[in-house]
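The values are calculated or read from the model by the stated rules, or taken from the named source; none is laboratory data. Small disclaimer: the values here were computed from a predicted structure and weren't measured. Note: accessible area is taken over every heavy atom of the protein model, side chains too, but ligands, DNA and RNA are not part of it. Shrake-Rupley method; radii C 1.70, N 1.55, O 1.52, S 1.80 Å.
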Amino acid sequence: MKTKVTKSKESVKPPEPELLSLVASKLRDRVLFPKKVEDAKKYLQKVKITNS
């Protein structure tokens, strides 16, 4: 039994705002740059708050 082969290479492309929304929902609550976050936390621990 042969399978059907489609030659159409068109893909459905959602509008840009919907695409960005989809990507944002997939990346929610993830740390994309853990090393930078770690460095920022170390830096902020050394900062002294002063009132002017």
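Which of the residues spanning the range 18-30 are open to solvent by 100 Å² or more (accessible area, probe 1.4 Å) and not acidic (Asp, Glu)? Residues satisfying the conditions are Leu20, Lys26, Arg28, Arg30.
When Lys9, Lys42 are screened for being of a type in the set (Lys, Arg), open to solvent by 100 Å² or more (accessible area, probe 1.4 Å) and at pLDDT 90 or above, only Lys42 passes.
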